[in-house]
Each structure stands twice: as C-alpha cells, then as structure tokens.
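The values are calculated or read from the model by the stated rules, or taken from the named source; none is laboratory data. Note that the structure is predicted; figures quoted are calculated from it, not measured. So basically every Cβ, Gly included, is an ideal-geometry build from the backbone, and we count neighbours across all protein chains shown. Heavy atoms of the whole protein, side chains included, go into the accessibility calculation; ligands, DNA and RNA do not. Shrake-Rupley method; radii C 1.70, N 1.55, O 1.52, S 1.80 Å.
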Amino acid sequence: GGVSQQKRYDVQWSPIRRGVVSTCSFDRKVQLHSLIGAMTKSGRTPQWMKRPCGVSTGFGGSIVSFASHHKTVTVDTVVEEPTIKDLSESFEASLASNDFIGFCEKKAQEVATDPAEVQVWEFMKIIFAPNAREQLLHYLGFNAEEVARMAENISNTEEKTPEEAIDSMSLSDKSQYTRIMSPESEKLVKQALIVGDFKSAVEHCFHSGNLADALILSSCGGAELWSQTQQRYFSMEMKKRGYLSVVNAVIHNKLEEFVVASDPTQWRETLAIVSTYGKSEDFGTLCRTLGDRLASVNDDANASLCYMCASDLERAVAYWMSQLEGANEKTSSLDMDALHSFVERVAVLLQAVDPNASLSPSISSVFASYASILSQQGLLLTAAKYCRGEGQECNELRDRLYHSRYSQECGRYITSPPPFPFAKPTARSAPANNQQQQTYGAQSGAGGASGYQQQQQQQHSHRPPQSATTTTTTTNTPK
C-alpha cells in the first residue's frame, strides 16, 4: 500500500536494525522507515535527535544511565531483597571454607529455640564426622563407656555371687532358673550322649524345661543342630525377654526384619542397634527401612532424619519440601526465609552425598526459583551455581547468565553454550500483492526467530566509546 494519510499512534525503534523505525496508523497500516539517510550536510545526526539523558534497565537488577552534561555511564545494581542477598553471601562463604561441621554447629546454635531444627543440624554434623556411627550412638543417648561404668558399679555393690544369690532364692524363684530333671529323663540324656546322639539329648532337655542345657549340648552336635536349637530357644523365650529379639536378629543376620517389626516410638533405640550391628554395606538400607517404618505411621520428621543417615537425598528432602510449601501457603507467596533454609539443608547434604548428584525435577524447580531471585539481586555467579535443572525456567535463566556481563565467571558452572531456550517460529511470506506487508512480515518474522541471538551478539560486540567512562554502584532498595 501507499503512504498512510492517517495519524500515527505508535512509533518504535527496531531493536535489531540500526536507524529503522516502525509506525502504525489508524488505517491499520504498519510502515517501516529508515533514518540513516536523514543526515545534515555535515554528515552528522541533527542536534534535535540528541538525548539529554537516558536510563535503561538490564538483567541482574542493573540500571544503566547517562546524562549529556558529562561523559560518564553509570551502572547501578538495585537490590530488592537485601536480606536474602546477605544470607546467600554468608552461606556461600561458609561453603567455600569446607568447614561443614563448624557450619552445622553454628546453625544448631542459631535455631536453638526449635528442637526439630536442632535435630536436623545435629544429624547433619554427625554425617560429616569421621567416626559418624560412634557419634550417632552418643547423640542418641547410648554411651558405651557409661554403660560399662554402670555395670561395674552394680558388680561392686553386689554382696553375693550369682551362685549364692540363686541358692538363697525360694524354691519357686529358683525354678525359674533351674528345672529338676526326673531320673528317667536324666538317664535318657546320659544314654544319648554315650552313643553320640546329641539331637535326642537336646530334645529331652527341651522336654524337661532345661533350655540352658539344651543350648550347651547342641553346640557339640554340629552347626545345623546348633542353629535349630537357637531358633527354637528364641521362639520360646523372646516374648518373655524382649532383649532376646535383638540377639536373635544379630546372630541370624535378620536386622532388616527386626527394623520392619520394631516399635516406631522407640526409633532411637532401633537406630542405635542398626548403628552398632549393621554392616557397612547394609547400613544405608537399614536406615532407609527404618525411615519407611516411621513414614508408615506419619512420623515424617524423624523419618527424614533416618533418610539422612542413609544418604537418601530424595526421601530426606521430601519432608523439607512439605515444610517449604506450608510456609508459602501461610504467607500466600514465596517465603524467602523458608526458601533459603531449604536450599541450605539440601546444599549441605549434597556435600555429604555427592556434590554432582543429579536432582529431581521438584528440587531443581526450587533451586531455579532461588537462582532467579539471586540473579535479580546481582548475584549472577551464585545464581549460575543453582541452575541445575532442565526445566524451562532454568533453561531460560541459564541462557541469560551465559550471555550476561559475567559470562566468563559463570562458565565455571555453565561449561558449554546452552541451547536456545525458546521455540523458533517458521517465517512465512505474506501474499505477493501486498509488497509492503510482505516485507514487514519477513523482517518481523526473521527478527522474532533470531532477534534474541542477534541482540546477544550485539551486546558482546558492543564497546562504549573511548571518551566515555563507566561507574558501577550498588543500591539496596528496601521493600
């Protein structure tokens, strides 16, 4: 179409092509104009086109401004969340020192008024200890030295020997320890021993109630008889004496069955038994089984502690994730303190498990939100550290960080150029009878497909004039 005679209500500079302006009029015509040829005889742009001042916002909380009365370009960083910025910087400094035990002790002191939080950081500290299982026993309230001292005190205060104590018992009390065997049974046992039939001898002892004799005789009759006698003894006596269930689990290597059948209210005692008798290769599995046992009765807080001992990141974090969601629901928005607390716990546990471990989509999404907030405060390098997912939000942020002014520093965490995070539309030509619309459609389509990449290339290739100077300042803006 020809030149529009209607008024223009919108004029925009092209962000891609220098000196190109688009206008839109009320007769629904969009026209492109080139101002490159609109020069004075001196070859310079008209004086009226000179801006007296200007300001522009940028990625990372940056604000760039200039004024005509001096040749200085000022780059300010506006911090909208100074608290989260300070917390992040302090936390990253602690991680850089690699003193994780000291950091956990510090956190436990900071949350001293919340016993549940204290437990989390105490368990976290134990995980980093060189003698972790011994430290775990001590924290759970089971000290081997203290137990030995108590047993010694009892022995020293006992006036009678065990034999004298039994002899002084009444006949009814004594029968609990020894059973009188009939002469006939005693004769049968003796005959079985003479011919080497230990199995029959053990059977006669069980029949007469002399369980201790049965155990002693079975130890001479081979491994199979010994094992069968033990199992029979435990099945008869465990209900009377609870501690025998521990002995049975240890002797027959049935700790996992013991954990499954354990009392959830006594989880500390069960965890201590696992820590004492569990093999190194089975310890994680046993702790995970105990965590599942507690989760089955909705004791998610203590289950999370067991998952931490098992180095099971995903299951341990599930409870922390529910805490974060609950805090967000209370504030009806993203709770910054709860978000930072979540990231702290996950990041520290990752150091104990595997710093390079892959994260689930749910954890990656929270990390991406945290990284986005940090980038808005100007902490681009720290934001790059937490861009570990493959979601759309994370991919967009990773691309912006890679092409930011701290691109080289962010390369520590973003080692290769990230793929373009947006879908590229296919440019189609307009009908041939409308050349003006066709030209505009091709330019706008091509600009939409590659404009972002070209803009990034211009940002990398652009250099300020040699006569201009740049200053950078940081401004904290309270909310």
Among 301, 284, 351, flag the residue with its Cα farthest along the positive direction of the charge dipole of the stretch 225-376, charges on Cβ as +1 for Lys/Arg and -1 for Asp/Glu. 284
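Under a Cβ-only charge scheme (Lys and Arg +1, Asp and Glu -1), can you give me the dipole magnitude of the stretch 364-433 about the Cα centre, in debye to the nearest 20? Spell out each step's value before the answer.
Details: 8 positive and 5 negative charges, 24 e Å.
Using only the charged Cβ atoms, the result is roughly 120 debye.
Provide 71, 107 ordered by accessible surface of protein heavy atoms (probe 1.4 Å), highest first.
71, 107
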Largest first, how would 138, 207, 340 line up by accessible area (1.4 Å probe)? 207, 138, 340
For the stretch 6-21, Karplus couplings with θ = phi - 60° (6.51, -1.76, 1.60), whole Hz, Gly/Pro x: 8, 6, 8, 10, 8, 9, 9, 7, 6, x, 10, 9, 5, x, 10, 10
Could you report the stretch 211-363's accessible area per residue, 1.4 Å probe, as an integer in Å²? 49
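Whenever you get a sec, line up 224, 186 from highest to lowest accessible area (probe 1.4 Å, protein heavy atoms).
Details: 224 130, 186 110 Å².
Highest to lowest solvent-accessible surface, that is 224, 186.
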Across the stretch 52-67, in residue order, what do the Karplus-derived ³J(HN,Hα) couplings come to in whole Hz, using 6.51 cos²θ - 1.76 cosθ + 1.60 with θ = phi - 60° and x for Gly and Pro? x, 6, x, 8, 8, 8, x, 5, x, x, 8, 10, 9, 9, 8, 9
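Could you grab the relative contact order for the stretch 296-380? Cα pairs under 8 Å, six or more apart, rounded to a whole percent.
Values: 41 pairs, mean separation 19.6, N = 85.
Contact order relative to length: 23 percent.
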Go through the stretch 135-141 residue by residue and turn each phi into a ³J(HN,Hα) via Karplus (6.51, -1.76, 1.60, θ = phi - 60°); whole Hz please, and just put x for glycine and proline. 5, 5, 4, 5, 5, 6, x
